[in-house]
Amino acid sequence: MQFATRLNFLQANVFADMDRAKAKAKAAGCDVIDLSLGSSDLPAEAHVLAAIAKSLSDPSTHGYLLFHGTQAFRQAAASWYTHKFGVAIDPETEVLPLIGSQEGTAHLPLAVLNPGDFALLLDPGYPSHAGGVYLASGQIYPMPLRAENGFLPIFEEIPESVLAQSKMMVLSYPHNPTTAIAPLSFFKSAVSFCQKYNLVLVHDFPYADLYFGQAPVPSILQADPEKSVSIEFFTLSKSYNMGGFRVGYAIGNADLIRALRQVKAAVDFNQYKGILNGAIAALTGSQTGVKTVVETFRRRRDVFVGALDRVGWQVPTPQAALYVWAKLPDRWANHSIQFSTKLVEATGVAVSPGAGFGKHGEGYVRFALVHDPEILEKAVDRIAQFL
Ligand SMILES: Cc1ncc(COP(=O)(O)O)c(C=O)c1O
């Protein structure tokens, strides 16, 4: 059988190698501590589950959900956004429910790119941003993120020849994997740049609530309140521990929302109405659960960074997201894949190699803080022995 060449790009995934190494460690009887996936171990809240349970026994939720989800969901998302970020949103034309935000960011390039067009992506960055561009037969221009620049891209470095063929830029702050935060001034410069070069500006924003400082992290639409070029992607996976439920939404430029809806109309019939009802309960109900999530990850961050420090591995204290982005000790400097596979085989501690997020992720590993503090300390003990 012959398959499309685009599959070749999708197959080159170091996370599959890590999965194999994890499976090998498990098969050898090792007690694996998995810090390689950013999937929250915390439960969804009772009032969210109650709303879904109630919907399950209501037959009117059992059929296809056509068009763009329910009006109640679009209104809940629009009100949540305006309350948080102060920009007015039209729930009819500027909101689109998604089956997780990854689904939306991966489908959007099909609506924006013609074959061969460039998308400007962060390097390191979230792998499905690249996956979506490959599915649309686009080309990727990786914008390098360097520690000395706060892991923000430098737009002036992008060659004019690439810009002439570019259709979109994808940003995502707080950033996975580096945990960097972008200030509103940076978003304003991104908006001006995208307006100048006629680029769609995509902002993937799953960690909108997961910051540890006083000041909230900005939304791209605060830098583009007219929504001239921008679309932003949100998820219930992180703030509300609903990763497995697969629910998110896009908010932004009405033409982009319509175009993404057209692509999705060929692919899916929307998320199940009961899950949208759970999401409405999450977005409109008490937000104390979100505070608990933030405090839980803050405590884990402090324990983990402190434990690493005690064993001689100094890393900056992350100000957002649920990860620690750690520069590898000199001996492993450019071998993040080797480090990660050997670490899991020898100790059962699974981490994500920086190289899996792009060429400029090499030299780092990402720890996802998805276990309780005692387990995180146990992981650091094992890492110390390995080192
Ligand atoms: C940058 C980024 N985008 C998207 C996702 C996935 O979100 P969802 O569960 O809504 O698909 C993640 C999950 O880790 C992420 O880090």
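The values are calculated or read from the model by the stated rules, or taken from the named source; none is laboratory data. This is a predicted model, so every value here is computed, not measured. In this analysis, Cβ positions are derived from the backbone assuming ideal geometry, glycine residues included, and neighbour counts consider all displayed protein chains. Surface areas here come from the heavy atoms of the whole protein model, side chains and all, with no ligands, DNA or RNA. Shrake-Rupley method; radii C 1.70, N 1.55, O 1.52, S 1.80 Å.
Mean-square fluctuation check for the chain, GNM, Cα pairs under 10 Å: which of Asp302, Asp34, Asp209 is largest? Among Asp302, Asp34, Asp209, the largest mean-square fluctuation in the Gaussian network model of the chain belongs to Asp302. Using only side-chain charges placed at the Cβ, +1 for Lys and Arg and -1 for Asp and Glu, the dipole size of segment 19-74 relative to its Cα centre rounds to 200 debye. Quantify, in whole percent, the carbon and sulfur part of the accessible surface of the chain (1.4 Å probe; protein heavy atoms only). With neighbouring chains kept in place, the figure for the chain is 55 percent.
Normalised by 2.2 N^0.38 Å, where N is the number of residues, the alpha-carbon radius of gyration of segment 46-284 equals 0.99. Each distinct pair of alpha carbons in segment 113-247 adds a 1/r term; the inverse of their mean, the Kirkwood radius, is 15.4 Å. The residues of segment 46-284 have, on average, 38 Å² of accessible surface per residue, using a 1.4 Å probe with all protein chains present. Here segment 250-387 yields Rg over Rh of 1.11, to two decimals, using C-alpha coordinates and the Kirkwood radius. For segment 46-284, averaging the sequence separation of C-alpha pairs within contact (under 8 Å, six or more residues apart) and dividing by the residue count gives a relative contact order of 30 percent.
Where in segment 95-118 is the amide nitrogen less than 13 Å from a point lying 7 Å along the Cα-to-Cβ axis of Thr5? So the set is 116. Which percent, nearest 5, of DSSP beta bridges in the chain are antiparallel? Among the beta bridges of the chain, antiparallel pairing accounts for roughly 45 percent. When the chain is treated as a Gaussian network with alpha carbon springs shorter than 10 Å, the biggest mean-square fluctuation among Leu96, Leu65, Leu256 belongs to Leu65. Rounded to the nearest 20, the size of the Cβ-charge dipole of segment 46-284 about its Cα centre is 520 debye, with Lys and Arg at +1 and Asp and Glu at -1. Cross-link pairs exceeding 28 Å in C-alpha to C-alpha distance, out of Lys291/Lys359; Lys84/Lys273; Lys24/Lys378, comprise Lys291/Lys359. Taken along the Cα-to-beta-carbon direction at a fixed 7 Å, the label points for Ala50 and Ile154 span 5.5 nm. Stretching Gln195 away from Leu66 to a fully extended chain increases their span by 43.1 nm, per 0.36 nm per residue minus the current alpha-carbon distance. Per residue, the average separation of C-alpha pairs within less than 8 Å and at least 6 apart gives segment 242-387 a relative contact order of 20 percent. Ranking Phe339, Leu135, Ala78 by how far each Cα lies toward the positive end of the dipole of the chain (charges on Cβ) leaves Phe339 at the top. The modelled label-to-label distance between Glu92 and Val311, using points 7 Å beyond Cα along the C-beta direction, is 5.8 nm. Length available on full extension from Arg298 to Ala384: 0.36 nm per residue minus the Cα-Cα distance, which gives 28.7 nm.
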